[in-house]
Structure formats: C-alpha cells, structure tokens
Amino acid sequence: MEELAEEAGITVRTLRFYRERGLIQPPRREGRIAWYDDRHLARLRTITGLLERGHTLNGIADLASTFESGRDVAEVLGLGEPTEETPVRLTPEQLADYFQDQATAENLAAAMELGYLGTDGEEIVHISRRLLEASSELVRAGVPLDAVLTSGRQVREHADALADLFVRVLRTHTAQTEPDQLRTLAQAVVDAELSMALDRRLREEP
C-alpha cells in the first residue's frame, strides 16, 4: 500500500479512504501480503485527474459504480457483426474532457443502456467515433447531454424501423442481397431524404 500510494503521489491515509469508499478494487492477497498492480495505479491517477477537473468524490464513486456494473464491450459492440463505425477507447478522465460536468453517473448509465458505451477493464469504449464527436459538439452548443441521449434513443427507434424496411423490401424482391449493396443503397436514400426533410423544416422556421 505504501508503494502504491507513493507511486500515485497520494498519502497512505488517502489510499485507505479511497478503498473504504469503493473507489478502487481490493488488492490480490497472498496470506498477509496485499498485492496492487497497474490497474490500481491507473484508477488512482484517473481519480486525481477527475478531482482536478472539479468532480466530487461522490460523483467519482457513482461513475466507478456505473462503469463496473455497466455493459461489457463485447455485448455493446456485438462482436462478429459487420459495422462501419469506429469504436473509441477512453479513460473516464478523457470522457470527462468530452462532456465536462455533464459526464454524470445518470447520463453515463443512460448511454450504456442505449448502447453507446461499454467497458473493457479500466477502459470505456464508445461504440462510434462519429456519434461521440457529434454528441460532444451538441453539448458544447448548449444542448444538455440528457436531451442528446433522449433524442438518440428516438433516432435509434426510427433507424431500426428504416433498416427493417430496407431489408424487407430487398429480400422480398431480389434473389440475393449483398450486405455492402444494402448499406450503400439504404444510406443513399436516407441521406437524400433527410437532407430534403431538413430543407423543408428549416424553410418553415421564422
């Protein structure tokens, strides 16, 4: 414990406090010896970084609980399924940089439930770099993160319905449908229709 505290730049008393609060996992024990490893050190450095950014210990404890009970990255990404999206690996500290004070336990739990976030050991994995950057831009523009996530859930419902429509039509009227062909045709139609719908909606605005 003394060696870990020294390496992390904190006191043994602070480390004991973090353990009591459940902010770090218990050490591996061999008899009377407690072994800490690089994962404990990484967690302590993350806690320090979050504290420096203004997060409270209560908030950090909520985040730790959320991540440890969150969905595994394999479940979120659906390993083996084709995708054009690029996952992004983040530390809790890096995620806080994207969303600042809105990276609350409630919002992150909602993002996990929606399937945007998963966990892989000490890392967080966002399912899509495009969604991560778009969400961050919306928050910086003044849209609360909970509103972004609520909208994302609604978009997901419409996207699922559109995907069902395209798959059903192509499989009904063609003998074979290649996945790449389906993606190209579906995305072209949706992009064009969404572009025109935005034009119509924006013209209606005063």
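Given labels modelled 7 Å from the Cα in the Cβ direction, how far is it in nm from Asn58 to Asp164?
4.2 nm
Find the eigenvalues of the gyration tensor of the Cα atoms of the stretch 1-44, then list the square roots of 5 times those eigenvalues as equivalent ellipsoid semi-axes, largest first, in whole angstrom.
Numbers: eigenvalues 45, 27, 22 Å².
Those come to 15, 12, 11 Å.
I need the helices of the chain that pass two filters: whole DSSP H segments spanning 18 Å or more by Cα along the axis, and mean Kyte-Doolittle score no lower than -0.5. All intermediate terms of the calculation are to be shown ahead of the outcome.
On the way: long enough: 38-52 (21 Å, -0.27); 145-173 (41 Å, 0.04); 179-204 (37 Å, -0.35).
TM-like helix candidates: 38-52, 145-173, 179-204.
Suppose a student asked you for the relative contact order of the chain, using Cα pairs under 8 Å spaced at least 6 residues apart; what percent would you report?
Worked out over the chain, it gives 15 percent.
Search the structure for amide H atoms under 5 Å from the amide H of Thr119, placed 1.01 Å from N in the peptide plane, and list their residues when 5 or more places away or on another chain.
Arg71, Asp72, Val73, Val125
For the chain, modelled as a Gaussian network with Cα springs under 10 Å, which listed residue fluctuates most, Asp97, Asp160, Asp62?
Asp160
Round to a whole angstrom and tell me the spacing of the C-alpha centers of the stretch 134-186 and the stretch 82-128.
Here the answer is 19 Å between Cα centres.
Calculate the all-directions average of the projected area of the chain's alpha-carbon convex hull, and give it in nm². Before the final figure, lay out the partial values.
Numbers: hull surface 62.0 nm².
For the chain, averaging the hull's shadow over all directions gives 15.5 nm².
Per 0.36 nm of contour for each residue apart, how much would the distance between Gln102 and Ala141 grow if the chain were fully extended, relative to their Cα-Cα spacing?
Contour length minus Cα-Cα distance gives 12.7 nm.
The numbers here are math on the coordinates, done by the rules we state, and not lab data. Source: prediction; values computed, not measured. Cβ atoms come from the backbone with ideal geometry, glycine included; neighbour counts cover every protein chain shown.
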